[in-house]
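For reference, the structure is listed below as structure tokens.
Since every read-out is calculated from the coordinates, none of them should be taken as a lab result. This is a predicted model, so every value here is computed, not measured. With ideal geometry, Cβ positions are generated from the backbone for all residues, glycine too; neighbour counts draw on all protein chains shown.
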Amino acid sequence: MDSVRSDAAPPQALKILVAGGFGAGKTTMVGAVSEISPLRTEEVLTTAGMDTDDTTGVDTKTTTTVAMDFGRITINPSLVLYLFGTPGQNRFWFLWDELATGALGAVVIADTRRLADSFAAIDYFEQRGTPFVIAVNCFDAEQVYTDQQVREALDIDGHVPILLCDARDRISVKNVLITLVEHVLVMVRSAVPAV
Amino acid sequence: MVADRSELPGDDGPAWWDHEAGPVVRPYMVTGGRVDPGNDDFDLISHVVAIISLAAETRSPEHQSILALTQEPRSVAEVAARVDLPLGVVRVLLCDLLADGQIARYDPPDTEELPNIETLQAVIHGLRAL
């Protein structure tokens, strides 16, 4: 008869978001460190059965899909880290809320050729209080700006780490993630009242 | 199942879908039109695991596919990606399986707070060891 599987309980799951403008390298970054090929999950936007229909100008039977790519890193047998690339289109902010809920932190990839593309993500995480770091993706090792110039251009607080990276490079992305988690650790430590 | 966008009626105003948004589909056929998984929403990183054998009867082939996948613990996001169904659809199916006592679910800590220091240190240690 059916036996209840006695494997150990599933690991604790944590998630980190990877945000940035279209083509900034989100999926590339996820793929660089994931132990599985990045998977794609889709959320369907549909007007069917929703209470909050706003069908102005939209055929009521229309649905559309938003793709989110993600990867996985097994930290140890009881701890698994998921990396979620956020949907690139800004009109899907409501999906960001779901992604950001319970997230450990976020990496905002900045492309120095299109810095403005990362403003929206930075604003979002700042307002939400989600810890984040800025990873300046250097294509072809071409670094035109210093991180200080990027910090000024993006108007980023001094405590937010900014680092250069190559989203294709495993070691480089690993360093970005470590920097993020160390940043979170500093925030958590400073929030703990001294005993 | 995938409709050609050019066949869609209505050219009033700018379309809110486009190439980036992906294909226009009718994904809720599998759930019999149900879109609401109930008040029991599964987080993307909730883990689910089958608690019955594969031989058990399920409501549909899609339920069966999920049961097969969750013979080991899987995150909801991973289940959705691997059965190639939209998240909302998978959530409805997971609720069915849960109601039928065929899967168990493990949620991430229900909190807006950041993980504790020990967990963060474990993550840093694990990343360094990659």
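Placing dummy labels 7 Å off each Cα toward the beta-carbon, the span from A:F119 to A:A67 is 2.8 nm.
Give the order of A:C138, A:C165 when sorted by the count of other beta carbons within 10 angstrom, beginning with the fewest. Please list the in-between numbers first.
Details: A:C138 18, A:C165 25.
With the sparsest Cβ surroundings first, the list reads A:C138, A:C165.
DSSP finds beta bridges in region A:12-189, and of those with both partners inside it, around 40 percent are antiparallel.
Look at the stretch B:55-61: the mean tally of other chain Cβ atoms within 10 Å of its residues' Cβ atoms is 0.
For the pair B:L130 and A:V144, what calculated FRET efficiency results from E = 1/(1 + (r/R0)^6), where r is the Cβ-Cβ distance and R0 = 30 Å, to the nearest 0.05? Kindly include the intermediate steps, with their values, before the conclusion.
Numbers: r = 30 Å, r/R0 = 0.99.
Given R0 = 30 Å and the Cβ-Cβ separation, E is 0.50.
For region B:67-111, backbone nitrogen atoms closer than 11 Å to the point 7 Å from A:N76 Cα along Cα-to-C-beta are found at no residue. A simple spin-label model places the labels of A:R168 and B:Q64 4.4 nm from each other, with each point 7 Å out along Cα-to-Cβ. Mean partner shielding of peptide A:146-155, defined as the number of other chain Cβ atoms within 10 Å of each residue Cβ, is 0.
For GluC sites (Glu not before Pro), the sites in region A:125-174 that DSSP calls loop and that have at most 16 other Cβ atoms within 10 Å are A:E142. The length gained by stretching the chain between B:Q71 and B:E118 to full extension, at 0.36 nm per residue less their Cα-Cα distance, is 13.9 nm. Modelled this way, with points 7 Å down the Cα-to-C-beta line, the labels at B:A56 and A:D157 are 4.7 nm from one another.
Where does each of A:V186, A:V18 land when they are ranked from fewest to most other beta-carbon atoms within 10 angstrom? Before the final figure, lay out the partial values.
Working: A:V186 14, A:V18 28.
Arranged by neighbour count, lowest to highest, A:V186, A:V18 become A:V186, A:V18.
Remark: relative contact order (region A:12-189) = 26 percent; criterion is Cα-Cα distance under 8 angstrom and separation of 6 or more residues.
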